[in-house]
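For reference, the structure discussed in these notes is given below.
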Amino acid sequence: MSAPIIRVEELTVSLNTDDHQRNIIDSISFDMFPKEIMGLVGESGSGKTMTALSIMQLLPKTIKICGGSIWYEDKDLLKMTSREIRTIRGNKIAMIFQNPRMALNPLMRVGDQIARAVCLHCEVSSEKSKSMAVELMSQVGIPDAESRARSYPHQLSGGMAQRVLIAMMLACKPKLLIADEPTTGLDVTIQAQIFKLIKEIQSEIGVAVLLITHDFGVVSEVCDRVGVMYAGQIMEISSVIDVFTNPKHPYTQRLLKSILRVDRKSDLDTNKALSPISAVFDSPGCRFASQCDCVRPECLWERPKIYTDSPGHSVYCFNYSRDNK
Amino acid sequence: MSNFFNFILRRFLLTIIAVFGVIILVFLLTRLLPNNPAALRAGPLADAELIKQYEREMGLDKPLIVQFGTYTGQLMRGDLGDSWRTSQPVREELGIRIPATLELALSAFIIALFFGVPLGIIAAFYSDSWIDQIVRVFATLGASLALFWLALVGVYIFYYLLHWAAAPVGRLTIGINEPPEITGLFLIDSLLAGDIETFKDAFNHLWLPACTLAFIVSAPIIKISRSSMKDVLNADYIRTAKAIGVPPTKLLFKDGLLNAFIPILTMLGIVFGYLMGGNLIVEQVFAWPGIGQYAWKALSTNDFNAVQSFVLLIAVVYVSLNFIIDLIYALINPQIRLE
Ligand SMILES: Nc1ncnc2c1ncn2[C@@H]1O[C@H](COP(=O)(O)OP(=O)(O)OP(=O)(O)O)[C@@H](O)[C@H]1O
Ligand SMILES: [Mg+2]
């Protein structure tokens with residue numbers, strides 16, 4: 001396998017409130033390789049969005065990165081000045097969000113918004129950038145791109161708006177595209193189209209995609225690899241096939257089971273029971289320990305070391321690392 | 001585009017209706033004042049016969065509806081009636097005073113605008129930092145200091161102690177001639193006439209009352225700029241702009257300001273209306289020959305026509321400001337322009 005384009009190393013992100021500090025992301029590490037689609041799944045509040053925003057350096061003011069590094073081409077993004085970061089954002093690393101219609105400036109024509117993204121990173125005239133914007137729009141499957149470019153966001157459907165955003169983010173052919181639940185709030189049929197588009201674009205321009213989602217169905221269809229997060233920790237990273245056929249971590253196993261059940265529309269509560277309560281964020285050990293069926297004493301005070309089941313399949317769980325010694 | 005014209009037309013008709021409503025309201029309100037203006041005009045020694053005669057002359061013996069008909073008829077012809085106090089046409093008396101108030105209001109407005117909006121924006125951008133704290137203290141001062149007190153302190157410091165400002169008696173020093181009237185605004189007229197001496201003198205008289213007013217009205221401008229900018233900076237499209245690497249100044253003054261401008265604009269309209277109609281206190285302290293002083297005298301002597309005309313004038317100012325704001329709003333916001 002080639003060298004990773006992004007290396008996240010022991011990234012720790014904390015939310016400081018008046019009385020105490022909580023690590024909403026607790027020392028996570030993962031690599032992303034060129035041209036792959038990696039999924040990031042986990043329940044609400046597990047820190048997927050914060051992971052993505054850390055890479056982009058777009059965290060809300062109250063939330064700070066307090067440890068680790070994020071390597072992009074031998075440079076640590078976390079050590080860059082804000083000016084240096086701006087040359088990366090939208091250029092080498094781009095991100096699309098949920099609620100695409102809200103993510104576009106309501107007072108600017110969508111074509112101009114795309115053209116602006118082009119202008120920011122490439123030395124082109126404004127006419128050229130406008131025609132490039134139209135080109136990009138037809139590339140992401142917007143019919144009648146020329147006239148659509150003159151629309152305002154409120155005139156577009158959610159699906160169209162997301163395509164516009166994708167076009168905007170692809171303007172400079174980034175190396176990594178982060179998609180944070182890009183289809184939340186869209187119709188099911190539109191959702192499928194957007195994922196199809198992301199996949200097409202990934203193979204066409206060879207961008208790596210970090211896809212954040214709740215939906216294991218999407219993971220199985222779109223992703224090559226997947227990382228499973230719980231309460232700010234990564235529990236397991238593996239290929240998509242392994243995660244379904246050979247899930248190692250007790251949390252992954254529970255999650256898959258509960259999702260299968262939810263599919264049969266019986267018991268939604270299993271899912272709720274799993275969602276992290278705030279106390280686990282202060283635990284020094286595995287944050288899933290209090291819910292885990294196979295919990296060991298050391299799980300409560302020590303972080304599990306990485307256990308590699310097979311190349312590319314890592315689990316953070318004492319049940320494996322100790323057995324294997 | 002035709003939607004845009006529809007919108008303007010609708011707004012314009014509403015504006016006309018509003019003006020008409022104001023006319024009715026003002027008419028009724030002044031008739032509800034407790035004193036009989038005919039009696040006042042006749043003086044304390046007059047007998048009933050004289051009062052009756054005055055009432056007939058002033059048309060006060062007719063039914064309200066007839067009085068109203070006469071009144072609106074006059075209005076249509078641009079006739080605001082005569083002041084019962086001075087026996088001069090109200091239109092002329094107001095006409096002389098409007099430029100004075102307008103010059104003061106415009107200057108204060110421009111100062112407050114160019115001061116308040118950027119301050120509010122910067123405070124929003126650096127929210128909760130020391131810059132923000134200072135700006136907020138400043139705005140709170142402006143909101144809580146009494147205009148009267150501030151004006152007097154201003155005169156004391158800048159005229160009496162420092163001599164930076166001219167004596168607070170009117171728009172020009174006695175002996176300096178008014179510039180030939182073009183706009184009625186002395187600063188502009190004196191420049192147009194190339195008369196630097198008059199310009200300097202007018203400026204020396206103007207800046208202190210203008211700054212006093214500006215200080216007071218910049219408070220709401222700062223507050224609304226800060227809060228609407230803060231909202232905008234949290235919006236998703238600002239995050240998108242950051243995600244493509246838009247630099248902060250552009251982010252703030254292009255993406256941000258345009259979107260935050262709509263609530264700010266509404267506040268600017270209110271502030272300007274207030275400056276036109278509400279700066280009586282400053283006009284009093286600085287002996288500024290504007291419409292505020294005139295209205296005060298008219299009100300204290302039950303000078304119907306003058307009071308009516310003043311209230312009407314201010315109401316028309318407010319209503320037209322609202323119309324203009326709606327226009328700008330539609331120009332900025334495509335959702336209104338195109339739907
Ligand atoms: N703006 C914020 N201010 C403070 N805390 C926040 C903020 N946004 C998120 N958090 C906290 O950070 C933690 C991680 O949130 P994050 O949004 O990354 O979760 P997520 O996995 O993306 O969830 P979801 O699936 O709901 O999007 C949560 O505990 C959440 O309460
Ligand atoms: Mg999220």
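Every number in this text was worked out from the coordinates using simple rules, so none of it is lab data. Treat the numbers as computed from the prediction; the structure is a model and nothing was measured. Using ideal geometry, Cβ is built from the backbone for each residue, glycine included, and neighbour counts are taken over all protein chains shown.
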Output ³J(HN,Hα) for region A:284-301: one whole-Hz value per residue in order, computed from phi by the Karplus curve 6.51 cos²θ - 1.76 cosθ + 1.60 with θ = phi - 60°, and x for Gly and Pro.
-> x, x, 6, 6, 8, 3, 5, 10, 7, 6, 9, 5, 10, x, 5, 4, 7, 10
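Would you please name the trypsin sites (Lys or Arg not before Pro) within region B:76-131 that are DSSP coil residues with at most 11 other C-beta atoms within 10 Å of their C-beta?
B:R77
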Partner chain coverage, peptide A:104-114 - average Cβ within 10 angstrom | 4
Region B:68-137 and region B:226-267: distance between their alpha carbon centers, rounded to Å = 29 Å
Along region B:322-328, Karplus-curve 3J(HN,Hα) (6.51, -1.76, 1.60; θ = phi - 60°) to the nearest Hz, with x for Gly and Pro, reads 4, 4, 4, 5, 4, 4, 4
For chain B, the longest principal axis of the Cα atoms and the Cα long axis of helix B:2-31 enclose an angle in degrees, to the nearest 10, of 40 degrees
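For chain B, compute the orientation-averaged projected area of the C-alpha convex hull (one quarter of its surface), in nm². Walk me through the intermediate numbers first.
Details: hull surface 92.0 nm².
So the Cα hull casts an average projection of 23.0 nm².
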Relative contact order as a percentage, region A:61-181, C-alpha pairs under 8 Å and 6+ apart, gives 37 percent
Taking a cut-off of 16 Å between Cα atoms, list the lysines near A:K175, but don't count ones fewer than 8 places away on the same chain.
-> A:K35, A:K75, A:K92, A:K199
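Order these by the 10 Å Cβ neighbour count, fewest first: A:K92, A:K305. Don't skip to the end; give the middle numbers.
Numbers: A:K92 19, A:K305 11.
With the fewest neighbours first, A:K92, A:K305 line up as A:K305, A:K92.
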Average Cα contact separation per residue, region B:100-290, under 8 Å, 6 or more apart, as relative contact order % | 38 percent
Environment charge at B:L275 (Cβ cut-off 12 Å; Lys +1, Arg +1, Asp -1, Glu -1) | -2
Fewest first, what order do A:T49, B:T86 take by the number of other Cβ atoms within 10 Å?
-> B:T86, A:T49
Computed on Cα atoms, Rg of region A:142-206 relative to 2.2 N^0.38 Å comes out at 1.11
Once the Cα gyration tensor of the protein assembly as shown is diagonalised, semi-axes √(5λ) in Å = 68, 27, 25
Within chain B, helix-based [θ] at 222 nm, where runs of 4 or more DSSP H residues each add -39,500 (n - 2.57), nearest 500 | -24000 deg cm²/dmol
Once Rh is set to the Kirkwood radius over Cα pairs, what Stokes-Einstein translational diffusion coefficient, in µm²/s, holds for region B:213-298 at a temperature of 25 °C and a viscosity of 0.890 mPa s?
-> 162 µm²/s
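What's the ranking of A:230-242, B:198-210 by average number of surrounding C-beta atoms within 10 Å, highest first? It would help to have the intermediate numbers written out before the result.
Working: A:230-242: 23.5, B:198-210: 20.8.
Final packing ranking: A:230-242, B:198-210.
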Test item: Cα-centred dipole of the protein assembly as shown, Lys/Arg +1 and Asp/Glu -1 on Cβ, debye = 920 debye
About its Cα centre, how strong a charge dipole does chain B have in debye, to the nearest 20, once Lys and Arg get +1 and Asp and Glu get -1 at the Cβ?
-> 960 debye
Part-to-part distance (alpha-carbon centres) for region A:217-245 and region A:144-212, which is given in Å | 22 Å
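What average count of beta carbons from other chains do you get within 10 Å of the Cβ of residues in B:246-255?
On the way: counts 6, 4, 3, 0, 2, 0, 0, 0, 4, 5.
Mean partner-chain Cβ count within 10 Å for B:246-255: 2.
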Ranked from highest to lowest mean number of other Cβ atoms within 10 Å per residue, what is the order of the peptides B:46-56, A:114-124, B:246-256?
-> A:114-124, B:246-256, B:46-56
The answer for the per residue Cα convex hull volume of region B:100-290, in Å³, is 135 Å³
Mean per-residue count of partner chain Cβ within 10 Å for A:119-131 equals 1
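With Cβ to Cβ distances under 11 Å as the rule, what net charge do the other residues near B:F68 carry (K, R +1; D, E -1)? Intermediate results must be reported in sequence, preceding the final value.
On the way: positive: B:R31, B:K62; negative: none.
Taking every Cβ under 11 Å from that of B:F68, the sum is +2.
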Long-range amide H partners of A:I24, meaning residues 5 or more apart or on another chain whose placed amide H is closer than 5 Å, are A:V13, A:S14, A:L15
Spatial extent of chain A: Rg and Dmax, with the Cα atoms as the point set, Å | 20.4, 66
Which ³J(HN,Hα) values, rounded to whole Hz and listed in residue order, are derived for region A:238-247 from phi using the Karplus coefficients 6.51, -1.76 and 1.60 in 6.51 cos²θ - 1.76 cosθ + 1.60 with θ = phi - 60°, glycine and proline given as x?
-> 7, 5, 4, 4, 4, 5, 7, 8, 9, x
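If you add up the charges near B:T301, with Lys and Arg at +1 and Asp and Glu at -1, over every other residue whose beta carbon is less than 12 angstrom from its beta carbon, what do you get? Mind showing how you got there, number by number?
Numbers: positive: B:R41, B:R85, B:K297; negative: B:D303.
Cβ neighbours under 12 Å give a net charge of +2.
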For region B:100-290, please report how many Lys pairs fall under 16 Å Cα to Cα, leaving out neighbours fewer than 8 apart on the same chain.
-> 5
